[in-house]
Every structure is written in C-alpha cells, then in structure tokens.
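I have placed the structure first, in the form of structure tokens, so that the comments after it can refer back to it.
What follows draws every value from the coordinates through simple rules; no lab data is involved. This one's a predicted model, so the numbers in the text were calculated from it and none came from an experiment. Every residue, glycine as well, gets a Cβ built from its backbone with ideal geometry; the counts of neighbours run over all protein chains shown.
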Amino acid sequence: MNENILLVIFAVIVLLIAVGIWMTIRKRRTDHLRDRFGDEYDRTLDNAGDRTKAERDLERREERVDALEIRRLTADEHTRFATEWRDVKSVFVDSPVEAVLHADRMLANMMKTVGYPMADFDRRYEDLTVNHGDVARHYREGHAIVDRHNDGSASTEDMRQGMKHYEALFDHLVADAEGGGLDAATTGTTTTGATGTASTTRATDLDGDGDVDVVRQDRDGDGRADRVAIRND
C-alpha cells in the first residue's frame with residue numbers, strides 16, 4: 001500500500017481517537033454539572049442559549065464557591081435566628097407583606113453569617129445553587145414574589161407562597177447548625193426509624209389556619225431536610 005495512503009489512514013485514526021476522547025471528557029463534564037446543579041443546569045442553559053457558555057458559567061460558580069469558607073451556624077446563632085423566625089411568622093397573619101420582606105432580609109443575613117458574600121441577590125442565588133440546588137430554587141421563587149410586590153403586582157396569596165418558599169431555605173440553614181437542627185418550637189415533628197437511622201418529618205403551619213403549609217423530611221437521619229414539599233392550596 002502506498003506510504004502516503006498509510007499516513008492518511010493513520011492520521012484519520014488518530015483524529016478519531018482524539019475526537020472520541022474529547023467527547024468522553026465533555027460528556028463527563030456535562031454529567032457532573034447536571035448531577036450537581038439539577039434543574040439549575042437546564043435553567044442556565046436556557047438563559048445562555050449555548051451549552052459551552054452555560055457550562056463555563058456553572059464551572060465558574062463551582063470555583064467561586066469552593067474558594068469560600070462556608071460554615072455552619074453556631075448554636076447561639078441558631079437560637080437567635082430561630083427566635084427571629086418565630087417572630088416573623090407571628091407577624092404574618094396580620095401583615096403578610098411585612099413578614100415576607102422581613103424574611104427576605106433575614107435570610108440574606110443568615111447567608112452572610114455562614115460565609116456567603118454580601119453581594120446582590122443574583123450572586124447569592126448562584127452561589128447557593130452549587131451545593132443546594134433544590135433549596136436555591138425556593139429562594140429564587142420567594143424573592144421573585146418580593147420583586148412582584150415591589151412592582152405592585154403581588155397578592156396576599158402570593159405572599160403566603162413566598163413565605164413557604166423562604167421557610168424551605170430557613171429550615172435548611174438552621175438544620176445544619178452546630179449541635180442541632182430546627183427548633184422544635186417552630187414545627188410539628190414525627191420521627192420513625194430502626195437500626196439507628198431516623199426519618200424525621202416536620203410539618204409547619206405558616207399562617208395559623210390549621211392547615212400544614214410546608215412539609216420537610218429528613219430521610220437519612222443526618223439532621224438536614226432532603227425533601228421539601230409545599231402545599232399550594
């Protein structure tokens with residue numbers, strides 16, 4: 001066979017191998033980002049309109065958050081914020097707007113306390129998506145309702161929904177506090193389990209109407225809610 005033809009065949013084989021390796025690396029990169037960010041991956045892709053750009057943005061978030069020193073709330077901080085949260089909820093029945101706006105400020109303060117930069121909402125939200133995608137979604141939806149209120153287009157029912165979303169983030173932040181999870185005074189709690197593993201369910205009535213509004217479940221007994229359900233009725 002002609003030597004030139006052999007060289008061409010060899011070059012084609014090398015190129016195919018290189019393409020295969022590149023595609024494998026890219027697939028692993030995509031799979032990693034999808035697993036870590038969940039629905040936020042698709043949302044970022046929709047906003048960016050380009051997979052390469054979207055994945056580069058998500059990787060920058062990872063690098064930024066990995067450089068932060070995020071910590072747990074101390075026991076004293078947990079107690080202080082749990083007390084403030086009870087005060088927020090007690091205001092909700094008479095003044096839903098005041099309660100939700102207070103909750104918005106309080107959660108920003110809690111995030112600052114544990115080590116998130118005191119930047120604008122978009123930055124806080126993006127940082128939260130790196131390790132807490134599902135809870136970050138609740139934060140985004142709650143803050144969107146605050147924005148609608150500022151525009152004069154949010155109803156009392158919107159405020160109730162916003163409070164539910166903020167409750168999910170609050171629960172997550174205090175559940176990871178040193179020396180304990182969510183203060184039992186804020187919720188109704190049932191615990192089941194065997195062989196040393198507890199499954200804890202917390203049910204919260206936000207507006208005092210006797211109906212459960214938020215249900216959080218810790219299925220693996222690690223003290224953190226890994227499933228959050230919000231009633232929309």
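Can you check what the net charge comes to around Met118, using other residues whose Cβ is under 15 Å from the Cβ of Met118 (Lys, Arg +1; Asp, Glu -1)?
Counting the neighbours of Met118, the net charge comes to -1.
Given the Cα-Cα distance of Ala48 and Arg64 and 0.36 nm per residue of separation, how much length would full extension add, in nm?
3.9 nm
Do any trypsin sites (Lys or Arg not before Pro) in region 62-161 lie in a loop, going by DSSP, with at most 14 other beta-carbon atoms within 10 Å of their beta carbon, and if so which?
Arg71
Which residues does a label at Val97 reach in region 119-148, if reach means a backbone N under 13 Å from a point 7 Å past the Cα toward the Cβ?
146-148
Go through region 124-134 residue by residue and turn each phi into a ³J(HN,Hα) via Karplus (6.51, -1.76, 1.60, θ = phi - 60°); whole Hz please, and just put x for glycine and proline.
With the stated coefficients, region 124-134 comes to 4, 4, 4, 5, 5, 5, 4, 10, 9, x, 5 Hz.
For Lys27, list the lysines whose Cα falls under 24 Å from its own Cα; do not include residues on the same chain fewer than 8 positions away.
Excluding near neighbours in sequence, the set is Lys53.
Do any GluC sites (Glu not before Pro) in region 1-88 lie in a DSSP loop with no more than 16 other beta carbon atoms within 10 Å, and if so, which?
Listed in order of number, the matching sites are Glu69.
Under a plain spin-label model, where a point goes 7 Å from the Cα along Cα-to-Cβ, how far apart in nm are Arg36 and Glu157?
4.0
What does the C-alpha gyration tensor say about the overall shape of region 1-142? Classify as rounded when a/c is under 1.5, otherwise prolate if a/b is larger than b/c, or oblate.
Prolate, because a/c is 1.5 or more and a/b exceeds b/c.
If you find the alpha carbon centre of region 70-97 and of region 54-69, how far apart are they in angstrom?
29
Please list, in order along region 157-168, the HN-Hα scalar couplings obtained from phi with the Karplus expression 6.51 cos²θ - 1.76 cosθ + 1.60 (θ = phi - 60°), rounded to whole Hz, x for Gly and Pro.
Taking θ as phi minus 60°, the curve returns 5, 4, 4, 5, 5, x, 5, 4, 5, 5, 4, 5 Hz for region 157-168.
Roughly what would the spin-label model give for Met23 and Asn131, points 7 Å off Cα along C-beta, in nm?
3.6
Starting at the first residue of region 48-60, write each ³J(HN,Hα) from the Karplus equation 6.51 cos²θ - 1.76 cosθ + 1.60 with θ = phi - 60°, in whole Hz, x for Gly and Pro.
Rounded to whole hertz, the list is 7, x, 8, 5, 4, 5, 5, 5, 5, 5, 5, 5, 5.
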